[in-house]
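The values are calculated or read from the model by the stated rules, or taken from the named source; none is laboratory data. Values in this document were obtained by computation on a predicted structure and should not be read as measured data. Every residue, glycine among them, receives a Cβ derived from its backbone with ideal geometry; neighbour counts consider all protein chains shown. Just the protein is used for accessible areas: all its heavy atoms, side chains included, with ligands, DNA and RNA removed. Shrake-Rupley method; radii C 1.70, N 1.55, O 1.52, S 1.80 Å.
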Amino acid sequence: MPTIFLAFANSDKNPLLTLRKEDRQVNHLLNDRKLRGDFIVHNNQFATSEQIINDLRQFKEELVTFLFSGHAGRDSLLLEDGTAEAEGIAALLGRCPNLKLVILNGCSTYGQVTTLLEKGIPIVIATSAPVDDERATQFSITFFEELAVQNNSIKDAFNAALAAAQVKGRINREIKRRDVILRSKLTTNKALWGLYYQETHTDLLDSWRLPKKPFVSKANEYIQAAIEGIYENYEQDLNSQGEATRKQDIILKRLPYSISEPIRKLLAPSDQSGQLFYDQPSSDRFRMLLYAYRSIIAFLVYVLVAQLWERKRNPTNTFSTSSLITFLKDWLSQDYNTQTKSSLLPLLKQLIDFFESNQLPFFLEELGDAMNKLSQSAEIKESFDFLEERITKNPQANLDDLCDVTEQHLAVILYQFGFLIHYGLTSIKGINVLFYQHNVKPNFKHKIVKLQQALTSLEDRTTIEENHHKTATILLQRLDSKSKYLYLSPFFIDENAYTNTPKAKLCAFISYDTGTKRFYFRHVSKPDDLITLENKPISPLARIKKGKIEEDNYYPLINGQFSAFCQAVLGETLDEL
């Protein structure tokens, strides 16, 4: 395996005060990559001549980078057991066929450069004059941070390290030099480090990076484990529901559709269709992972807000919502262009606290206990914090690692909200009254779409019930109780219910623009598909030509519902926001 050899040597008579700091920090910077299996780090903290000889022979075939830090001179390195001739070290390094870079982080090591290049070393970093201990330590730490953590080239890492060392050098103080002939003061701020290379290897300055183990994607391993855990926790409450026999299919079919759909997209294996898939590390997968997390939080918020509206419509409820007004206004009127960088978690916490302080039972029966458990678990808090930070920031990181870690934290949250398999969504698209001559009382024929994962598309169907539901609404129902349901519209809508289009198109509310009076929704299955609703006037000619165009203009219906919500919960109209 590719090997990085770090050799540190100090002096009992004139110890370098920050050499051990350099040792610790450089190893720390390399540690994550080492644990991942990108390379081996061989660290010799108290290098002697015999050890260096043996180690260079042992790692001859694998060695890619060699660092020496300690006292040095133009033709020697001062080791723990005495001075080693540079010529001998160069000869050993020259026998390493895969060695790309030698760093001599001591005083005045430029005299060793020519010999090293002649021995076939492609790139050498050395010093042209005495350097102080702290500057040398800063140079080394910055160089390896750029090389290992930022995955930068040798040239970029060198320039960054040089700048950092120069900053350290501007402070006047008693210092230690890394030369063999010891002195007490150094006053120069000159750039001391140089980057030397063979002309035939010029390309390596920009192209070579520290070795990286080929990434074998474990995408969806953690999500699958979360689904497996949910199945085991609720197995007695589940059945295969027809064609679904795999645990994954059963759980996805039972989770509310706005949550299961992004999870399904993450799990779907790539094929040759040319469509966009999310089962391999990529910026698209990272965004879908965050979207799946946001979908869980948004679902909980919409349920609580819908329940709040339902209770406020009941004249017997006299509780005040004044403590929520600011939060709800900010949510309703947030800028749709920036909402992907904002979080609904603060609003969720406010709603939870409000329900608990007013002793209002949750429609989602398990929500109170779940949130209490989440607040007491350091592991779950860490997952929330990680995902929340990724929402509000634009992380610059390796996408392989970033997707892997993000999936782990998403899986933790998904597992904790596994109780949502008890709740399902239905789109009530239309209702007909069936009241025949021989009937004592009418029945109601509902045109509905069950919003659940299926092998085929979400098709219209009909059900006949003695009681009617409200028209063009999204209904949340506890699956083991037909009498326990909650209307989630207009926070969730089925756009096709308003346009008399077959099947279903579930959309989630994003924001309301108080200036333009526009509503913004997002297609649950296609998060980049923005639906804009505005009250466009229809000309008489358009009415003549289009006939039913007024039926497709459902803006007044959505506006009316949000206005009623605002009046009941906020105490003011939508236009007054």
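Which of the residues belonging to region 526-577 are exposed (fewer than 15 other Cβ atoms within 10 Å of the Cβ), at pLDDT 90 or above and of a type in the set (Val, Ile, Thr)?
532
Can you tell me which residues in region 263-297 are among the charged types (D, E, K, R) and part of a helix (DSSP H, G or I)?
Across region 263-297, the qualifying residues are 264, 265, 284, 285, 287, 294.
Considering only residues that are in contact with a Ser or Thr (Cβ under 7 Å, 6 or more places away or on another chain) and open to solvent by less than 60 Å² (accessible area, probe 1.4 Å), look in region 270-289 and name the one that is nearest to residue 419 (Cα to Cα).
Among them, the one singled out is 289.
Output the number of residues of region 291-326 satisfying the condition of being under 18 Å from residue 528 (Cβ atoms) and open to solvent by less than 20 Å² (accessible area, probe 1.4 Å).
Residues of region 291-326 that are under 18 Å from residue 528 (Cβ atoms), as a first pass: 291-295, 298.
This time we only want the ones that are open to solvent by less than 20 Å² (accessible area, probe 1.4 Å), so: 292-293, 295, 298.
The qualifying residues number 4.
Quick one: count up the residues across region 473-490 that are farther than 22 Å from residue 251 by Cα and among the polar types (S, T, N, Q).
Adding up the residues that qualify gives 3.
Just name the residue that is nearest to the chain's Cα centre (by Cα) out of those in region 8-27 that are in a loop (DSSP other than H, G, I, E, B) and of a type in the set (D, E, K, R).
12
Which numbered condition in (1) in a loop (DSSP other than H, G, I, E, B); (2) in contact with a Leu (Cβ under 6 Å, 6 or more places away or on another chain) is the only one that residue 300 fails?
(1)
Suppose the filter is aliphatic (A, V, I, L, M), in contact with a helix residue (DSSP H, G or I) (Cβ under 6 Å, 6 or more places away or on another chain) and closer than 30 Å to residue 405 by Cα; does residue 41 pass it?
Judged against the criteria, residue 41 is a match.
Okay, residues lined up against (1) modelled with pLDDT of 90 or more; (2) not basic (Lys, Arg):
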{"position": "341", "(1), (2)": "no, no"}
{"position": "347", "(1), (2)": "yes, yes"}
{"position": "352", "(1), (2)": "yes, yes"}
{"position": "367", "(1), (2)": "yes, yes"}
{"position": "370", "(1), (2)": "no, yes"}
{"position": "381", "(1), (2)": "yes, no"}
{"position": "384", "(1), (2)": "yes, yes"}
{"position": "392", "(1), (2)": "no, yes"}
